[in-house]
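The structure appears below as structure tokens.
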Amino acid sequence: EAMAGAGGQVVRYDATLERQLSRRATVAADLRRGLAAGEFHLLYQPIVNLPDGRLVGVESLVRWGDISPAGFIPVAEDTGLIVELGAWILDTACAQAAEWRHRHGPDALRSVAVNVSARQLLDPALPEIVAAALARHDLPARQLTIEITETAVFGGGRALASVTALSELGVNIALDDFGTGHSSLGLLRTCPVDAIKVDKSFVDGLGGSPQQEAIAIALTGIAETMGLRTVAEGVETAEQAQRLYELGYRQAQGFHFARPLPAEAIDEMLGAQQNRIAA
Ligand code: C2E
Ligand code: MG
Ligand code: MG
Ligand code: MG
């Protein structure tokens, strides 16, 4: 199944593709082993309130040694291993969110976000897997955000049904990399969405020409009208943060604020934040 879609004839004559496929097969076998051996862990990147830098949420990002998710998530998707890995990610993130609640109070973090891939949305068991993780850790559904991409739900069908079921559980739905897909605005009508994450490419255009800023301006306007939360992704400079604030953005994420961090570092930030309120 790892090589599904690659016609055998083509492989025989294309050395590059052959190398890629054999690398994929190796990665797939290694993934299976790594999952069994407990080699994966999650990092958490802060999502901050722009006016005051306060931590409002985190996005969980999976790590496997020094291989980036871009290197192994696609293989995990193709082989179906993402279903098992994804269930582990959901459970781990819910356990962590519950622990932060326990230590720092029920509303210290508004929500913890988990990325869910297209392949996971096609699994009819996904809503049950999510509900079970929430129940196991006694986490209120509203404190979990599921990040999906536009392309994953573009075709409607099973994927859209999964998102609808998740939304009915009370989980927040965020559209990731918003604005880069095929049907960005149309999806806002058909898919139950709570938040949009405006893609880094639009943030990169800030401070440039009015043409470059136009989409970032339009997106927050649409979101506000529809009652959606907007998060700007990939904010790397103070100038971008300032400009986003001027344009009406209230939440942002990016290296300017913090890199993806181990859970303990988020713990410290939550502790410091509580002290600031108490003082
Ligand atoms: P994403 O969900 O859009 O995650 C944001 C990515 O941008 C992360 O890369 C993050 O480290 C990076 N990033 C954050 N701020 C900045 C910034 O200011 N500048 C730049 N250049 N990059 C920034 P990462 O962790 O390598 O993840 C890449 C993608 O892999 C994610 O994109 C997501 O699509 C996927 N992914 C990561 N973790 C998971 C997971 O647990 N499950 C699934 N299904 N996919 C995941
Ligand atoms: Mg994401
Ligand atoms: Mg994103
Ligand atoms: Mg992205």
Seminar exercise, completed: Under 5 Å from the placed amide H of ALA113, counting only residues 5+ away or on other chains, we find VAL58, GLU59, SER60, THR145
For this session: Express in Å², to the nearest 10, the accessible area of MET269 obtained by rolling a 1.4 Å probe over the protein heavy atoms while all chains stay in place.
Result: 70
Exercise. Helix 126-137 versus the longest principal axis of the chain: what is the Cα-based angle in degrees, 0 to 90, to the nearest 10?
Worked result: 50
For this session: Between the alpha-carbon centers of the stretch 65-121 and the stretch 243-261, tell me the distance in whole angstrom.
Result: 22
Exercise. Once amide H atoms are built 1.01 Å from N in the peptide plane, which residues 5 or more positions from LEU261, or in another chain, come under 5 Å H to H?
Worked result: TYR44, GLN45
Seminar exercise, completed: Note to self, the chain gives a 222 nm [θ] from helices alone (DSSP H runs n ≥ 4, -39500 (n - 2.57) apiece, / all residues, nearest 500) of -16500 deg cm²/dmol
Seminar exercise, completed: Here the stretch 238-255 yields Karplus 3J(HN,Hα) values (6.51, -1.76, 1.60; θ = phi - 60°; whole Hz; Gly and Pro given as x) of 4, 5, 5, 4, 5, 5, 4, 4, 4, 7, x, 6, 10, 10, 8, 8, x, 4
For this session: May I ask you to rank THR26, THR220, THR225, THR149 by accessible area, largest first, using a 1.4 Å probe over the protein chains only?
Result: THR225, THR26, THR149, THR220
Seminar exercise, completed: Per-residue accessible area, 1.4 Å probe, largest first, puts TRP64, TRP88 in the order TRP88, TRP64
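Given contacts defined as C-alpha pairs under 8 Å and at least six residues apart, what's the relative contact order of the chain, whole-number percent?
Working: 438 pairs, mean separation 50.4, N = 279.
Here the relative contact order equals 18 percent.
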For this session: Could you go through the stretch 108-125 in sequence order and give the Karplus-derived ³J(HN,Hα) for each residue, using 6.51 cos²θ - 1.76 cosθ + 1.60 with θ = phi - 60°, rounded to whole Hz, and x for Gly and Pro?
Result: 4, 10, 5, 6, 10, 9, 10, 7, 10, 8, 3, 5, 5, 5, 7, 7, x, 7
For this session: Would you kindly give the portion of the calculated P(r) for the chain that falls above 37 Å, as a percent of all Cα pairs?
Result: 15
Problem set entry | Area accessible to solvent at THR237, 1.4 Å probe radius, in Å² | 50
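With a sphere of radius 10 Å drawn around the Cβ of ILE82, what net charge do the other residues whose Cβ falls strictly inside it have (Lys, Arg +1; Asp, Glu -1)? If you can, show how the numbers build up before the last one.
On the way: positive: ARG119; negative: GLU77, ASP78, GLU84, ASP123.
Every neighbour counted, the sum reads -3.
Note down the Stokes-Einstein diffusion coefficient of the stretch 107-241 in µm²/s, whole number, using a Kirkwood radius over alpha carbon pairs, 37 °C, and 0.692 mPa s. Write out the running numbers ahead of the final one.
Working: Rh = 15.6 Å.
Once the numbers are plugged in, D ends up at 210 µm²/s.
The values are calculated or read from the model by the stated rules, or taken from the named source; none is laboratory data. Since the model is a prediction, treat every value here as computed from it, not as a measurement. FYI the Cβ positions are ideal-geometry reconstructions off the backbone, even for glycines, and counts take in every protein chain you see. For accessibility, only protein heavy atoms count, side chains too; no ligands or nucleic acids. Shrake-Rupley method; radii C 1.70, N 1.55, O 1.52, S 1.80 Å.
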